[in-house]
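The values are calculated or read from the model by the stated rules, or taken from the named source; none is laboratory data. Keep in mind that this is a model prediction, so the values were computed, not measured. Glycine gets a Cβ as well: all are built from the backbone with ideal geometry, and neighbour counts include every protein chain shown. These accessible areas exclude ligands, DNA and RNA; they are computed on the full protein's heavy atoms, side chains included. Shrake-Rupley method; radii C 1.70, N 1.55, O 1.52, S 1.80 Å.
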Amino acid sequence: MTKSSEYRLNSTKIAEATREWLTKRGVEIPQIAELVLFLQKDYYPELTMQECEMYVEAVLTKREVQNAILTGIQLDLLAEEGKLLSPLQEMIENDEGLYGCDEILALSIVNVYGSIGFTNFGYVDKLKPGILKHLNDKEDAQCHTFLDDIVGAIAAAASSRVAHRKQAEREGRVGPPID
């Protein structure tokens, strides 16, 4: 493979591809927003699904998040197609318990929004509520070793945004809702 001197990063194409691949893999924004609501409803009972979707959308605008999503989905697809070398192939296709690279990639998303996201991520990763339960079940031919953790991390990051935003509101230092 040769590197092209013509390559120019196109942020719009990357953002579009990210959303397209999430959808192709069966993940919609409202499903992630449901996880955000699940994580934050006890702290902010007035929180709405519409707000949660707004926070998820904001997380998805970050390049680091888009990169993690595209990378994880590609690895899942390669595992589905049997195109990885052994023993990595078997570890990813079986979501090996001691293979932690899927969580590490997801934590790169959580890192964008601070330490509060870590606890949220650990919680949803353990419970697997909502869409995470579906992504984690091994009943169909699709491999979601990376995607289930990525979706949990997006929800955790959006939950962190909620917490920071609500604290700013309490302190009277509210800026734009999406920053």
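See the values below:
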read-out: For the stretch 68-148: Kirkwood Rh in Å [reciprocal of mean 1/r, alpha carbons]; value: 13.2
read-out: Stretch gain in nm, segment residue 90-residue 9, where the contour uses 0.36 nm per residue and the Cα spacing is subtracted; value: 25.8 nm
read-out: Hits among lysines - C-alpha to C-alpha of residue 41 under 30 Å, sequence gap 8 or more where chains match; value: 24, 62, 126, 128, 133, 138, 166
read-out: nm² value of the averaged projected area, convex hull over the Cα atoms of the stretch 46-109; value: 5.7
read-out: FRET efficiency estimate (nearest 0.05) - Cβ-Cβ, residue 23 to residue 101, R0 35 angstrom; value: 0.90
read-out: 222 nm mean residue ellipticity, helices alone, for the chain (DSSP H n ≥ 4; -39,500 (n - 2.57); rounded to 500); value: -20500 deg cm²/dmol
read-out: Among [x] 10.7; [y] 11.8; [z] 9.9, the entry derived from the coordinates for mean projected area of the Cα convex hull in nm²; value: [y]
read-out: Karplus 3J(HN,Hα) series, Hz, for the stretch 134-150 with 6.51 cos²θ - 1.76 cosθ + 1.60 (x for Gly, Pro); value: 4, 5, 8, 6, 9, 7, 10, 7, 7, 9, 10, 4, 8, 5, 4, 5, 5
read-out: Accessible surface of the chain [probe 1.4 Å, protein heavy atoms]: carbon and sulfur percent; value: 55
read-out: Theoretical FRET efficiency, 1/(1+(r/R0)^6), r = Cβ-Cβ of residue 167 and residue 64, R0 25 Å, to 0.05; value: 0.65
read-out: Label-reachable residues, the stretch 126-158, where backbone N falls under 15 Å from a point 7 Å from residue 44's Cα toward its Cβ; value: 155-158
read-out: Probe 1.4 Å, accessible area per residue of the stretch 1-143, Å²; value: 60
read-out: Order by protection proxy (mean Cβ within 10 Å, highest first), peptides 130-136, 31-37; value: 31-37, 130-136
read-out: Peptides 148-159, 17-28, 116-127 ordered by average Cβ neighbours within 10 Å, highest first; value: 148-159, 116-127, 17-28
